[in-house]
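The values are calculated or read from the model by the stated rules, or taken from the named source; none is laboratory data. Since the model is a prediction, treat every value here as computed from it, not as a measurement. In this analysis, Cβ positions are derived from the backbone assuming ideal geometry, glycine residues included, and neighbour counts consider all displayed protein chains.
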Amino acid sequence: METKTRTLEGIHHITAVTADARANLDFYTRVLSLRLVKKSVNQDDPTAYHLFYSDERGSPGADLTFFEYPGAGGGHAGAGMVHRIVWRVRSADALDFWEERLRRERIAPTREGRVLSFADPEGLGLALAVTETTDEPLAAAHPEIPPDVALLGFDGVRAYAVDPEASRAFLERGLAFLSRGRIIYEARGSQRGSFYTYDQADREGVPGAGTVHHVAWASPTEDHEAWRQRVLESGGGPTPVIDRYYFRSIYFREPSGVLFEIATVGPGFTTDEPLEHLGERLALPPKFEPLRDRLENVLTPLPNPRERWVRR
């Protein structure tokens, strides 16, 4: 009975795929103003980068990550895949600012009411939404971005499904998502919440550059094992708990096919780097440290984006 009162603390992180780490780094740190908080490796394939962009502290709820596979073909989202990542902003003035900034980068956003939608250079669907929330704002510092227009963490994700109704029982009873409409759900904890919304689509997706690999939901560390058991009891097929060093994880697919992760909120990215120097060097969990020389020769050299800042 106790597990029924547990709730997930919204989105922990979202992981996507890029074919070009340098261009990816430039877009997300320079154009979108996120902070590179961890330059590490895919722990299932350490010859591939795992780059983490977030707010100033590397907080769960603002963490967009990418696996780099150089030369990977472009993909497109279809049924069973997340097709749009949505950040929060404070106001319509913020949308004005970002619309102008994106157009200067030759990106053509579309605006509908309180939402500005666009795609990154590899076609990954993104959006900014004016939202009213009591959640803590999760912003990164950037010399070109006034604080009142900064991105403030994730509002949610939109996914494609053939039959969204097929996931309702699992989301509501299994994961304690709150129904906010026929196709809209919210994972709302004591600290944060995030939306999970469906759009109907029959076409198959093609994984590749410019697509989302998985979306991770945040769990207090002490609840993590209970969440794995709850997923099992709800008909899911979770992996064993996997220690990712910066957090612990389980993975499973929800009934519409989207790959979910439940990740713990700690220990966090300052486990092996001080806050002021996050993302400046290749960070390897201890089990991969013996591979450092080999990996540094294989991975694409990347600059520290903050070394190039010119403060006004």
Of all residues in the stretch 66-113, which are free of Cβ contacts under 8 Å to residues at least 40 places away in the same chain and either among the aromatic types (Phe, Trp, Tyr) or within 22 Å of Gln200 (Cα to Cα) (or both)? Thr110, Arg111, Glu112, Gly113
Kindly indicate whether any position in the stretch 231-249 is touching a His at 6+ places or on another chain (Cβ under 9 Å), modelled with pLDDT of 95 or more and farther than 30 Å from Ala79 by Cβ. no
Of the numbered conditions (1) β-branched (Val, Ile, Thr); (2) more than 30 Å from Asn297 (Cβ to Cβ); (3) in a helix (DSSP H, G or I), Thr270 fails exactly one; give the number of that condition. (2)
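Name the residue, out of Val37, Val31, that is buried (at least 20 other Cβ atoms within 10 Å of the Cβ) and at pLDDT 95 or above. First the steps, then the outcome.
Numbers: Val31 fails: buried (at least 20 other Cβ atoms within 10 Å of the Cβ).
On inspection, the qualifying residue turns out to be Val37.
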Does Arg253 count as under 17 Å from Ala176 (Cα atoms), modelled with pLDDT of 95 or more, within 20 Å of the chain's Cα centre (by Cα) and surrounded by fewer than 19 Cβ atoms within 10 Å (Cβ to Cβ)? yes
Please go through (1) hydroxyl-bearing (Ser, Thr, Tyr); (2) touching a Pro at 6+ places or on another chain (Cβ under 6 Å); (3) surrounded by fewer than 18 Cβ atoms within 10 Å (Cβ to Cβ) for Ser167 and return the number of the only condition it doesn't satisfy. (3)
Selection from the stretch 295-307 of residues part of a helix (DSSP H, G or I) and either in contact (Cβ under 8 Å) with a residue 12 or more places away in the chain or surrounded by 12 or more Cβ atoms within 10 Å (Cβ to Cβ) (or both) yields Leu295, Glu296, Val298, Pro305, Arg306
Of the residues in the stretch 134-175, those that are touching a His at 6+ places or on another chain (Cβ under 7 Å) and among the basic types (Lys, Arg) come to Arg158
Before we move on, is Asp155 closer than 29 Å to Ala48 by Cβ, at pLDDT 95 or above and of a type in the set (Asp, Glu)? yes
Within the stretch 87-115, which residues are aliphatic (A, V, I, L, M) and surrounded by fewer than 21 Cβ atoms within 10 Å (Cβ to Cβ)? Ala92, Leu102, Ile107, Ala108, Val115
